[in-house]
Amino acid sequence: MRITSTSCICPVLVCLCFVQRCYGTAHHSSIKVTRNQTKHTEGETEVHHRPKRGWVWNQFFVLEEHMGPDPQYVGKLHSNSDKGDGSVKYILTGEGAGTIFIIDDTTGDIHSTKSLDREQKTHYVLHAQAIDRRTNKPLEPESEFIIKVQDINDNAPKFTDGPYIVTVPEMSDMGTSVLQVTATDADDPTYGNSARVVYSILQGQPYFSVDPKTGVIRTALHNMDREAREHYSVVIQAKDMAGQVGGLSGSTTVNITLTDVNDNPPRFPQKHYQLYVPESAQVGSAVGKIKANDADTGSNADMTYSITNGDGIGVFSISTDKDTREGILSLKKPLNY
């Protein structure tokens, strides 16, 4: 049998077309997934397509004590649904909405119309919503956000407990702690240095010093003698902004008194005394008084007298007057001139 070239080609072409058609049909049935639809069929891949939504916030704070002529710009609300054609309406509710904070319902721009004090209120909680201006239907779920009042350095440090009155023993070692003073600053301690206080001593050197960080006052000299000087007036300053130029400051006075310690012996103002006693003096009668001086005070100046030697030990006795601190000599035996 003779077979021509054309009769050999046709069966091959038919087979190829059949295979290509079958492959195409199987391929389309396995990936047929529409947008925003999940098809659960054996062997198929799960695909999700969701439109992106969200709010865009530019700022969350407003500067306190703003005194400018125009309302202060706070921030901007913006929805991804907003195409800029004016169809989106922005609504602001919550603390201060419509009174302190106003919003342009088309652009979403928020402004503050009043001067705010962070020390009175630190933040405001508000709610934002975007709706379709034509249908009044929400385009985004209502969202809560916070506008924080940003601090400026408008409060000086204050000593609430001054002036102070305190004592420290005389002759204390150098560096002895006397008192810790504390100044408070109403500014925000978490923002900048507005509430960072540094202590310094304006009056009272070189006798006393103060720790710049803790406010602890200490003695700064050895052998501070109460008998030489008893009272000291110390002025402490607290300055914010970590003590830098331009910081605000407050001061307080600390009145320090050195208390007595028994560091002085009694001393007689003269070395010799001469007393005259009649031989007729009665036994037990007072024949004279002597007095020693003590630079200390209180119980540290209490003293007792005694006769230690001399030929009058057996003839005279001495006692102490507790009120006057005098030594009273009394006759112990009869006298015979």
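The values are calculated or read from the model by the stated rules, or taken from the named source; none is laboratory data. Keep in mind it's a predicted model, so treat the numbers as computed, not measured. A quick note on method: Cβ atoms are made from the backbone with ideal geometry, for glycine too, and the neighbour counts reach across all protein chains shown. Surface accessibility is based on the protein's heavy atoms, side chains included, excluding ligands, DNA and RNA. Shrake-Rupley method; radii C 1.70, N 1.55, O 1.52, S 1.80 Å.
If you go through the stretch 96-105 and keep only what is surrounded by 15 or more Cβ atoms within 10 Å (Cβ to Cβ) and farther than 13 Å from Val74 by Cβ, you end up with just Asp105.
Per the listing Val261, Val235, Val283, the residue uniquely farther than 30 Å from Val166 by Cα, β-branched (Val, Ile, Thr) and open to solvent by less than 90 Å² (accessible area, probe 1.4 Å) is Val283. As for the stretch 140-148, it holds no residue that is closer than 30 Å to Val235 by Cβ, charged (D, E, K, R) and either out of contact with any Leu (no Cβ under 9 Å at 6 or more places or on another chain) or not in a strand (DSSP E or B) (or both). Ala183 falls short on exactly one of the conditions (1) modelled with pLDDT of 95 or more; (2) closer than 12 Å to Thr252 by Cβ; (3) surrounded by fewer than 20 Cβ atoms within 10 Å (Cβ to Cβ); (4) small (Gly, Ala, Ser), and that condition is (3). Close contacts from the stretch 300-322, counting a first residue that is without any contact (Cβ under 8 Å) to a residue 40 or more places away in the chain and a second that is of a type in the set (S, T, N, Q) and open to solvent by less than 50 Å² (accessible area, probe 1.4 Å), with Cβ to Cβ under 7 Å and a gap of 6+ residues or different chains, come to Met303/Thr320; Thr304/Thr320; Tyr305/Thr320; Phe316/Ser330; Ser317/Ser330; Ser319/Ser330. Going by the structure shown, is Gly192 at pLDDT below 95, surrounded by fewer than 20 Cβ atoms within 10 Å (Cβ to Cβ), outside the structural domain of Gly298 (by the TED database) and at positive phi? Against the criterion (at pLDDT below 95, surrounded by fewer than 20 Cβ atoms within 10 Å (Cβ to Cβ), outside the structural domain of Gly298 (by the TED database) and at positive phi), Gly192 qualifies. Of all residues in the stretch 139-151, those that are more than 18 Å from Ser87 (Cα to Cα) have Cβ atoms under 9 Å from Cβ atoms of residues that are of a type in the set (Asp, Glu) and open to solvent by less than 10 Å² (accessible area, probe 1.4 Å), 6 or more apart or on another chain, in Val149/Glu64; Gln150/Glu64; Asp151/Glu64; Asp151/Asp187. Only one of the numbered conditions (1) of a type in the set (Val, Ile, Thr); (2) under 46 Å from the mean Cα position of the chain (by Cα); (3) outside the structural domain of Pro212 (by the TED database) is not met by Thr252, and that is (3).
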